[in-house]
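**Q** Pasting in a structure now, in structure tokens, and then I'll have a few things to ask.
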């Protein structure tokens, strides 16, 4: 994935979807932030904001915060919409070995008893359907990555749904997209959401598979080459 980006300095993030930035010419402006999460460690005043510009004239805020560059040099994708785009691109290119050779790939398919939508449904002519739930990982704490960065009742629901899928005879995969350049291995954040951690252990025991892939960031003159590049270890704690 290639993104054309411009830099600014972060003043502050607020109301979840908004952030104030300082442009290189000294002008202050507000940008859209497509991230409802806590963004712990991903939005410190003085960080470098890399933003894209929409051509949609109806948008109130044409700038979108894509990447945060921390003051110690880490790159973090804060636009949560990019995770599924990266995964879809990697799936279609056959870069995720555990999920290759499918015959059809569908997005946002309704399923489950709790009114959910699976991120991707991979169908095979000679194998069971594979339900793929994607979660982006951006929380770095003492050199280690964690998910989630806040209590997530939605994530808990997804784990219950995936367990039901396995019970029905299908394949269920929880795919962590690691979108922080400083994260090299991840674990469940049991210190943040113990219920999620407990459910994840139950899910793996029930046959839900966990896969983690790390994104690479190459930024040259405002052009970002951004892709899932390699597996990352998931360490159960």
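**Q** With respect to residue 118, is the statement that it is under 19 Å from the mean Cα position of the chain (by Cα) and assigned to a loop (DSSP other than H, G, I, E, B) true? Even if it seems obvious, please write down each step before you answer.
**A** Working: under 19 Å from the mean Cα position of the chain (by Cα): yes; assigned to a loop (DSSP other than H, G, I, E, B): no.
Criteria not met by residue 118.
**Q** Filter segment 118-146 down to the residues that are out of contact with any helix residue (DSSP H, G or I) (no Cβ under 9 Å at 6 or more places or on another chain) and farther than 21 Å from residue 193 by Cβ and list them by number.
**A** Once the filter is applied, which keeps residues that are out of contact with any helix residue (DSSP H, G or I) (no Cβ under 9 Å at 6 or more places or on another chain) and farther than 21 Å from residue 193 by Cβ, segment 118-146 yields 121, 123, 124, 125, 126, 127, 128.
**Q** When you scan segment 171-237 for strands (runs of 3 or more DSSP E) that lie fully inside it, which ones turn up with 1 or more residues that are out of contact with any strand residue (DSSP E or B) (no Cβ under 7 Å at 6 or more places or on another chain) and either modelled with pLDDT under 95 or surrounded by 15 or more Cβ atoms within 10 Å (Cβ to Cβ) (or both)? First the steps, then the outcome.
**A** Details: elements: 171-178, 186-188, 209-220, 223-231.
Once the strands (runs of 3 or more DSSP E) in segment 171-237 are filtered for at least 1 residues that are out of contact with any strand residue (DSSP E or B) (no Cβ under 7 Å at 6 or more places or on another chain) and either modelled with pLDDT under 95 or surrounded by 15 or more Cβ atoms within 10 Å (Cβ to Cβ) (or both), what remains is 209-220.
**Q** Have a look at 61, 124, 111 and point out the one that is touching a residue at least 24 places away in the same chain (Cβ under 8 Å), more than 18 Å from the chain's Cα centre (by Cα) and either within 17 Å of residue 225 (Cα to Cα) or not assigned by TED's automatic domain parsing to the domain that holds residue 31 (or both).
**A** Values: 61 fails: either within 17 Å of residue 225 (Cα to Cα) or not assigned by TED's automatic domain parsing to the domain that holds residue 31 (or both); 124 fails: touching a residue at least 24 places away in the same chain (Cβ under 8 Å).
Just one listed residue meets the conditions, 111.
**Q** Considering only residues of segment 131-147 that are in a loop (DSSP other than H, G, I, E, B) and free of Cβ contacts under 8 Å to residues at least 60 places away in the same chain, which is surrounded by the most Cβ atoms within 10 Å (Cβ to Cβ)? Reasoning before the result, please.
**A** First, the residues of segment 131-147 that are in a loop (DSSP other than H, G, I, E, B): 138, 142-143.
Filter once more, so that each one left must be free of Cβ contacts under 8 Å to residues at least 60 places away in the same chain: 142-143.
Details: 142: 5, 143: 9.
Looking at residues that are in a loop (DSSP other than H, G, I, E, B) and free of Cβ contacts under 8 Å to residues at least 60 places away in the same chain, I get 143.
The values are calculated or read from the model by the stated rules, or taken from the named source; none is laboratory data. Treat the numbers as computed from the prediction; the structure is a model and nothing was measured. Cβ: placed from backbone, ideal geometry, glycine included. Neighbour counts: every protein chain shown.
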